[in-house]
Structures are given as structure tokens and as C-alpha cells.
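I have placed the structure first, in the form of C-alpha cells, so that the comments after it can refer back to it.
The values are calculated or read from the model by the stated rules, or taken from the named source; none is laboratory data. Nothing here was measured: the structure is a model prediction, and the numbers come from that model. In this analysis, Cβ positions are derived from the backbone assuming ideal geometry, glycine residues included, and neighbour counts consider all displayed protein chains. For accessibility, only protein heavy atoms count, side chains too; no ligands or nucleic acids. Shrake-Rupley method; radii C 1.70, N 1.55, O 1.52, S 1.80 Å.
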Amino acid sequence: MKNSSKIALVLFIAGMAAAVGLFAPSCSKSDKVSTDIKSRSFCKDLAGVMCHNIFQCCTGAQIEKDFGVKISTNEDKCNRDMELLCENESAPLLMAFDQGTAILDEAKAQTCLSSLVAPDKVCFPYQKTPDYLTACTGEEIVGQVAEDGDCLIDAECIPGTYCAPNRKCRSLPGEGESCTTSVGCVEGFFCSMNTYGNWVCQKLPEEGSPCVAPLGSCGPELYCDDSAAADAGMGATCKKKKSIDSSCKKNSECESGDCLPGLCSDGRECYEDTECGGTCEQSGNPCDTDQTCPGHCSNNPNQNCMTDPECGGADADADVDGDADGDADGDADADADSGIDAGFLVLQGYCMHETCTGKSTCEGDHICVDIYATLDYCDIGLNALSLFNGQTPTSSDDGGY
């Protein structure tokens, strides 16, 4: 498993670098901005691309809101402003470059940076997975400090190690060793809580192996299939993710991460018939099960209900102990003991629900499909500084990146 802090540094490149622009593969790139990037001019090079994209794709209000500063009046001034912001946020990394404890793989960094440049007059293309997700590999910054060597940040440590709290490069924990989710484990393992409540590195299950509880985790390119567990009382197992056009019931089954749902007659998305509702027989209310329909109490037909506790009994407040206070023990305080009076215990009823009828079926093909989304690099760019802390851009609820 890769060191999350090193990945965060590369994400910082992705954010600062193209920050706000959008790249559509079918569009030609602008020839107005350089994508050359060197360690000695790291922030200046990033700022050039960032400002190019900001001035092409962001409004002044967006910039002022997110940065909390007045918008730069021109692209040249923006370059200097963003360069200073970068220097402030990445000071430890810049020092590592100067000292030689970390180096920038300039060829890989340029490939990453080039994939993020906003093409002319295009800011929000609707397309499949953006190029930067494959062009930015996580290997642009390479640590040079061996295990047990001095360090200040993870980026200084060689691959497979991280900078421990004692400021020494330490190997990532292996199988059975204590771990934290922020540091992770060696490749092929992940940090998870075991049956004793301890966080340790556990091997990622292979195809056909049981999923690891409690997260239902599997190895790369696999998903946790719990359908057999529900159908036959068997444990969930790891299976290979499905290709485009394969039948599916949830997003995690697909290589693309998107399973196309079907539709119920009421327009709701579904994958199985059990997810489609019907109509309450008497009231006409929409329902999923009988329990979601209104009803009346078994011990009082005139009392409406939705749950059994609402049917406490026709004589729930009756004075059964003869002390005139309504409680069961004669202590003159009906609310001070159990909080439940004797009438409730004796005359408890239950809610008799209407029948949920006319349930529809889930229509349509449930297949794995490519993900299409509106790419919003302006939003990614304006949050570029937070990417330095490891917050990765993800697909939004409305299908945007």
C-alpha cells in the first residue's frame, strides 16, 4: 500500500498544477502556458498553470470566496500570488529538494502537469474519467532517505517507508503488526481492526476468499459479494470486478465503479424488485411493506397507529392498585418508578397495519457502465491547498469531479 503522505504530495501537484482548469482529451491544449516543471522552480511552474486555468475557468467571486483575498487583477500578478501560497504550504518539501533528501522526477511531473492544463475555451467538459487520474501516478516525488535515516516529512523517505514520529524513516508495518490508517501497511496488506479490537495489518483477500470483516475488504480489482450469504447463509466472498455491460446489483461490483440501476413504476431507482414499493390498500399511501402503512390498534379499533408501542391499551391509565394515584405500588408517584403503569402491562395491544399491495417490479438492465461526469477543475483548483493534506477530489453527488 502506498504511503498516503507521498500520495498527498502528488495530489498537491495535481491541484496546484492545473488546479482549476479542465482537460478534455478531444480538445487541443493551450500554447500559452508551459508545462515544464523543475524542482528549483517548483512553485513558480505550478503557479503558471494554476493561474492560466483560474483566469480561464473561475469567476472572481469563486476565487475571493475560497482564498479569502481580493482577486488578482491580471494573470502575472496571480502567478506571483499563487507562487507565494505554494511556497508557504510546501516549505518542508522545498527544503527537501534543496537538501537532496527528496527529488522531483521531472519527466513524470511534466506528464502529470500537462494532463491538467485547461484547453482553450473549455472549462466543464462532460466526459469519462479524466486523464490526470492516470497521468499523475503518485511517483513524481521520490524520497532519498533510507530506513533509520533522519527525516521531517514522508516525502524524504524511500518507497516502502515513512517518517515516524521520532523523525526517522521507518518501514511500513507488515502482517500482524500494529498500524494506523493514516500510515497504512506494506503493499498487499491493509490496516483493519481485528477480532480483539486492535488495528493491525491484514492481508488483502484473494479471489474466492472470505471478505475481511468489519469493512468487507478485498484485494485489488475485487469486490465483496454478500449475495450468497443472504441466499444460503454463507459468508461473503471476494470476487473479480465486472467489466462493462456485465450484470450487476451495486457500484462496487463494477470495474468502472458504476452500476446502471433500473426503475420502479414510481420512478425510483432500483436493482431488485424488493426495492420497489406499492400502495396501502385503504389509505392509498405509497408503501414499501405492510409496516409502512397506517393501521389501528388491536385492542382499540378507534385508535390509529404506525407502531406497536402506540397501542398501550384502552385502560392504560386505570388505577389498578386502589391508591387513587394511577400507579401500581401505592407510592403516590406514578412516574417515579418504572415509568410504565400497570394498565400498559396488562392491556398491551399491537398495530394492525393495512396491506401494501400493487408492488411494482424493477424494470431495466442492471449493468456495469462507463462513468461520465462534468469535470470541474475550477473547484478542484480553488481547493488545491487542501489537496496537500491528502483530501482527494472525488465524483460529486450530481456526477461531477
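Does Asp98 satisfy being open to solvent by 60 Å² or more (accessible area, probe 1.4 Å), on the phi > 0 side of the Ramachandran plot and either more than 26 Å from the chain's Cα centre (by Cα) or not hydroxyl-bearing (Ser, Thr, Tyr) (or both)?
On the way: open to solvent by 60 Å² or more (accessible area, probe 1.4 Å): yes; on the phi > 0 side of the Ramachandran plot: no; either more than 26 Å from the chain's Cα centre (by Cα) or not hydroxyl-bearing (Ser, Thr, Tyr) (or both): yes.
Considered against the rule, which asks whether it is open to solvent by 60 Å² or more (accessible area, probe 1.4 Å), on the phi > 0 side of the Ramachandran plot and either more than 26 Å from the chain's Cα centre (by Cα) or not hydroxyl-bearing (Ser, Thr, Tyr) (or both), Asp98 comes out as no.
Taking Ala109 and the conditions (1) within 30 Å of Pro205 (Cβ to Cβ); (2) aliphatic (A, V, I, L, M); (3) open to solvent by less than 60 Å² (accessible area, probe 1.4 Å), which numbered condition does it fall short on, given that it satisfies the others?
Every listed condition holds for Ala109 apart from (1).
Out of all the residues in the stretch 243-250, is one or more at pLDDT below 90 and either among the acidic types (Asp, Glu) or in contact with a helix residue (DSSP H, G or I) (Cβ under 8 Å, 6 or more places away or on another chain) (or both)?
yes
Okay, residues lined up against (1) open to solvent by 40 Å² or more (accessible area, probe 1.4 Å); (2) under 30 Å from Ile153 (Cβ atoms); (3) β-branched (Val, Ile, Thr); (4) part of a strand (DSSP E or B):
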{"residue": "Val183", "(1), (2), (3), (4)": "no, yes, yes, no"}
{"residue": "Thr195", "(1), (2), (3), (4)": "yes, no, yes, no"}
{"residue": "Pro205", "(1), (2), (3), (4)": "no, no, no, no"}
{"residue": "Gly208", "(1), (2), (3), (4)": "yes, no, no, no"}
{"residue": "Lys239", "(1), (2), (3), (4)": "yes, no, no, yes"}
{"residue": "Ile244", "(1), (2), (3), (4)": "yes, no, yes, no"}
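All but one of (1) outside any loop (DSSP other than H, G, I, E, B); (2) out of contact with any Ser or Thr (no Cβ under 6 Å at 6 or more places or on another chain) hold for Tyr223; state the number of the condition that does not hold.
So Tyr223 meets the others, but not (2).
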